[in-house]
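Below: the structure, in structure tokens.
The values are calculated or read from the model by the stated rules, or taken from the named source; none is laboratory data. This one's a predicted model, so the numbers in the text were calculated from it and none came from an experiment. Here the Cβ is made from the backbone with ideal geometry for all residues, glycine too, and neighbour counts use every protein chain on show.
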Amino acid sequence: MNSTSDLIRSAKLMEPPSLLRNRRFWLFWGGQSLSKIGDKLHYIALMWYVVSKTGSGMAMGQLMLASSLPVVLLAPKAGELIDRLNRKWVLVAADLLRAAAAFGIAALASAEQFNFPLLLLLTVLTAVGNTFFQPSVNALLPLLVRREDLLRANSVNESASQLAGMAGPALAGAALSFLAPSLIFHLNAVSFLIGALAALPLRVRQTDKATGKTGFHEGIRYLMSSPALRDIAITFAVLNFAVSFMEIYIPFLNKDILNGGPKELGLLFSAIFAGAFLASVSLVIKKEIHQWEKVIGGGICIVGFFFASVFFLHRLDLVLAAFVCVGFGWGMFSTNARVFIQKTVADQRRGRVFALISAISNTMMPLAYGLAGFATGVLPVHPAFLLGGTLVFICGVYLFSRRFNHAERKCAAQSA
């Protein structure tokens, strides 16, 4: 009896405090938030640097491919390693790798001679770090906070990403008017170092080691064996394809339909992040979700509906309002889908599930970019938004009709 009581007391002592009193979570959040802002600054500065040096659309395409292809190729193996190793140290290693690559890009930009092949190599290394970083964060959060705080913790974490998405392009545009790109690359590298340091104090509860088959194929089988997880993975893929496709069309929408310039183009992209930030803030006040299919499917329906509504819009203010709603729907879907996965997938498989979903969805990006590059010559702007939005809306209606709550109840019963 005494030993049982000691075990219960020990488990309670290891239980994280409430979210507001969880100092390690807030330190971790602060460090990662800073690195996210640095990452956005880096992304804009890197595009500007490549365009100013090459003036080539092909060079930009190669750069985007270098930043996305490692995620597709390495994510399955990365997920397996995340599940096998201490997730804190995987996260620290990912930040250190990204810091080293950013310092390399900064040194390259400081040199007088432009070396594009080396820049691509350093971009690939940054992407490798990103491949391990985000799945590690998603798999780590349930070990840092209490189960009942997962929705709020994810909402707070997502709010930092959306703020970085809103502020990053504006800050980068202002900084590039008086700072050299190399200095911005240095600042980004420092932000990654701070992110790594912020993760060091974490005391992560050890997860059970994966048993039985642990490879890529087992992860795929596990993902496909759950209808809810399979539907979410497919929806992430469809949404990533549609949003990436629309991303190529947004500059044409701005230039040809709205008669806008660089300032208006920045506002259009910032509006999407602003909507996602509003979704994150609204979810902070909620403690639990009782109808997962409504918030997950409803979020996708909002994205599809307002993307399709651009077909009827010809004014900047109306398009900005529609894009804010698109971002709000995206934030509702992605945050709640992430929490659902964290609550229904066992600790020893969570890294692989997040990495596999990332790989599946990121596979769509180069396909979408390639198709959109061809489609811009034959498909006008407004019909493109109507087509992409309708496809996303159909996915939302399907998810809205699903029954996800059973999966959460089954997982909670197994945990008990």
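Before moving on, here are some points about what is shown:
- Residue list for segment 324-338, restricted to those being at pLDDT 90 or above and surrounded by fewer than 24 Cβ atoms within 10 Å (Cβ to Cβ): V324, C325, F328
- Any pair with Cβ under 8 angstrom, 6 or more apart, that starts in segment 39-57 at a residue that is in the same structural domain as L122 (by TED's automatic domain parsing) and ends at one that is among the small types (G, A, S) and modelled with pLDDT of 80 or more: D39/S191; H42/A102; Y49/A109
- Put simply, of V50, V72, V92 the only residue that is surrounded by fewer than 21 Cβ atoms within 10 Å (Cβ to Cβ), part of a helix (DSSP H, G or I) and at pLDDT 80 or above is V92.
- Some residue of segment 117-140 being among the hydroxyl-bearing types (S, T, Y) and more than 21 Å from the chain's Cα centre (by Cα): no
- Segment 138-151: number of residues that are surrounded by fewer than 21 Cβ atoms within 10 Å (Cβ to Cβ) and in a helix (DSSP H, G or I): 3
- One residue alone among L239, L200 is modelled with pLDDT of 80 or more and surrounded by fewer than 19 Cβ atoms within 10 Å (Cβ to Cβ), and that residue is L200.
- Pairs where the first residue, in segment 309-338, is assigned by TED's automatic domain parsing to the domain that holds D256 and the second is of a type in the set (D, E, K, R) and surrounded by fewer than 19 Cβ atoms within 10 Å (Cβ to Cβ), C-beta under 8 Å, 6+ apart: L316/E264
- Apart from one condition, R84 fits all of (1) closer than 30 Å to Y369 by Cβ; (2) in contact (Cβ under 8 Å) with a residue 60 or more places away in the chain; the exception is (1).
- Taking segment 269-315 as the range and being aliphatic (A, V, I, L, M), modelled with pLDDT under 90 and in a helix (DSSP H, G or I) as the test, the residues that pass are A271, I272, A274, A276, L278, A279, V281, L283, V284, V295, I296, I300.
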